[in-house]
Amino acid sequence: LFAGDQNSVSLAEQAARLRSEIERYNIAYYVLDAPIVPDSEYDRLFRQLQELEKAHPELVVPDSPTQRVGGLPLAQFEKVEHKIPMLSLQNGLSEEEVAAFDKRISDELDGENVEYEAELKFDGLAVNLRYENGLLVQAATRGDGTSGENITNNIKTVRTIPLRLSDLAPPEVLEVRGEVLMFKKDFHDLNRRQRENEQKEFVNPRNAAAGSLRQLDSQITATRQLRFFAYGLGELKGSPLPRSQSALLDWFVQLGIPVCDERKVVKGFKGLMGFFNRIEEKRESLPYEIDGVVYKVNSIAEQQKLGFISRAPRFAIAHKFPAQEVLTEVLDIDVQV
Ligand code: NAD
């Protein structure tokens with residue numbers, strides 16, 4: 001073997017190890033709703049793989065976790081094909097990454113002080129609600145982005161989600177995308193009840209929400225306090241496209257769909273950082289958990305111009321808070337390659 005070959009073998013091996021380690025964590029998190037490592041550790045490995053693949057594009061395989069969204073839908077549920085894929089978000093952790101994102105966007109749009117809609121990044125799970133002629137007809141999880149689980153009956157137990165839109169002339173089809181989550185207080189109440197009944201406790205509100213929503217028995221879901229915040233659009237038929245992300249969310253409010261008040265239209269990098277700093281300060285006092293904020297180019301026409309990369313839109317980025325969790329135990333990270 002030449003030295004170069006050895007080098008590439010070991011890089012390929014490194015990539016394969018990272019992939020299988022990430023896959024193992026994906027199954028625990030997305031399929032079993034029971035993560036075995038903190039998000040910060042998962043994110044670190046994910047970035048490591050992304051960087052390796054960026055430096056050595058020949059190492060990218062189509063089924064790499066960097067090329068795909070989320071996990072697999074559970075086979076016990078009926079499968080729902082998404083009419084429009086449900087994607088993930090690119091993310092950044094530092095001011096520099098946000099500045100680079102803003103620069104990329106302004107360069108591509110040929111303009112400065114781009115208008116963004118800044119929102120919270122809710123730590124729950126993504127669902128698609130399908131309304132036909134104003135009636136809620138189907139709800140699905142994101143799954144692997146292409147198809148998810150049919151959780152219509154469970155979603156109907158979430159009291160704040162309207163079964164009928166408050167519009168006398170609703171669109172023929174409206175798919176509302178948003179996050180199902182559990183408020184901190186409800187999470188603590190649930191875990192107290194779990195302890196009293198000698199049942200397994202949930203690791204965090206996100207996993208409690210996911211576990212509650214993906215119950216085969218809707219009566220169990222009905223006993224859990226789940227909430228919903230809308231943040232995006234899937235299929236739309238029989239109504240013009242709103243002109244901006246902020247107009248879309250205003251429309252949802254009019255239709256009786258819950259939207260979080262903590263959102264703002266801001267301009268340029270300064271505007272983004274202003275929103276981030278304000279939210280970071282009040283993070284602890286919010287009744288629900290967030291793991292960052294999301295910036296989206298506000299104009300839908302500009303969003304369409306910017307388009308998508310494989311697993312995420314190019315017009316948006318999640319600006320995550322620095323990790324709070326630490327590894328408290330030595331984890332077994334042996335992987336089978
Ligand atoms: P993500 O959670 O980083 O971002 C995409 C998701 O953000 C969307 O699907 C949506 O559900 C959500 N979201 C919340 N607020 C939003 C808003 N205002 N607008 C748009 N979307 C919003 O990406 P992901 O692909 O779902 O998951 C990756 C993350 O999950 C990782 O960064 C990691 O923290 C965590 N994870 C952890 C483990 C683990 O083992 N601990 C395993 C897998 C994933």
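The values are calculated or read from the model by the stated rules, or taken from the named source; none is laboratory data. Just so it is clear, the model here is predicted, and its values are computed rather than measured. Heads up, the Cβs are rebuilt from the backbone with ideal geometry, glycines too, and the neighbour counts pull from every protein chain shown.
What are the pairs with Cβ atoms under 6 angstrom where one residue, in the range 255-277, is outside any loop (DSSP other than H, G, I, E, B) and the other, located anywhere, is hydroxyl-bearing (Ser, Thr, Tyr)? Sequence gap at least six, or different chains. Going by the 6 Å Cβ cut-off, the qualifying pairs are 265/246; 266/116; 272/295.
Can you name every residue in the range 166-184 that is surrounded by fewer than 17 Cβ atoms within 10 Å (Cβ to Cβ) and either within 16 Å of the ligand (Cβ to nearest atom) or of a type in the set (D, E, K, R) (or both)?
Step one: of the range 166-184, the residues surrounded by fewer than 17 Cβ atoms within 10 Å (Cβ to Cβ) are 166-169, 172, 184.
Correct list: 167, 172, 184.
Summed over the range 291-316, the residues that are more than 10 Å from the ligand (Cβ to nearest atom) and either modelled with pLDDT of 95 or more or of a type outside the set (Val, Ile, Thr) (or both) give a count of 15.
Per the conditions (1) touching a strand residue (DSSP E or B) at 6+ places or on another chain (Cβ under 9 Å); (2) of a type outside the set (Asp, Glu); (3) surrounded by 14 or more Cβ atoms within 10 Å (Cβ to Cβ), the sole criterion not satisfied by residue 187 is (1).
Within the range 98-144, restricting attention to residues that are over 13 Å from residue 180 (Cα atoms) and among the hydroxyl-bearing types (Ser, Thr, Tyr), the residue that is farthest from the chain's Cα centre (by Cα) is 106. Among the conditions (1) within 16 Å of the ligand (Cβ to nearest atom); (2) touching a strand residue (DSSP E or B) at 6+ places or on another chain (Cβ under 7 Å); (3) in contact (Cβ under 8 Å) with a residue 24 or more places away in the chain, residue 163 misses just one, which is (1). Surrounded by fewer than 19 Cβ atoms within 10 Å (Cβ to Cβ), assigned by TED's automatic domain parsing to the domain that holds residue 232 and outside any loop (DSSP other than H, G, I, E, B) - does that describe any residue in the range 52-64? No: zero hits. Take residue 160 and tell me if it is touching a Pro at 6+ places or on another chain (Cβ under 9 Å), under 24 Å from residue 310 (Cα atoms) and either β-branched (Val, Ile, Thr) or not assigned by TED's automatic domain parsing to the domain that holds residue 226 (or both). Answer is no for this residue. When every residue of the range 229-237 is checked against the conditions, at least one turns out to be over 14 Å from residue 174 (Cα atoms), assigned by TED's automatic domain parsing to the domain that holds residue 85 and of a type outside the set (Asp, Glu). In summary, strands (runs of 3 or more DSSP E) completely within the range 111-155 and bearing 3 or more residues that are closer than 17 Å to residue 218 by Cβ, touching a strand residue (DSSP E or B) at 6+ places or on another chain (Cβ under 8 Å) and within 16 Å of the ligand (Cβ to nearest atom) occur at 125-132, 135-141.
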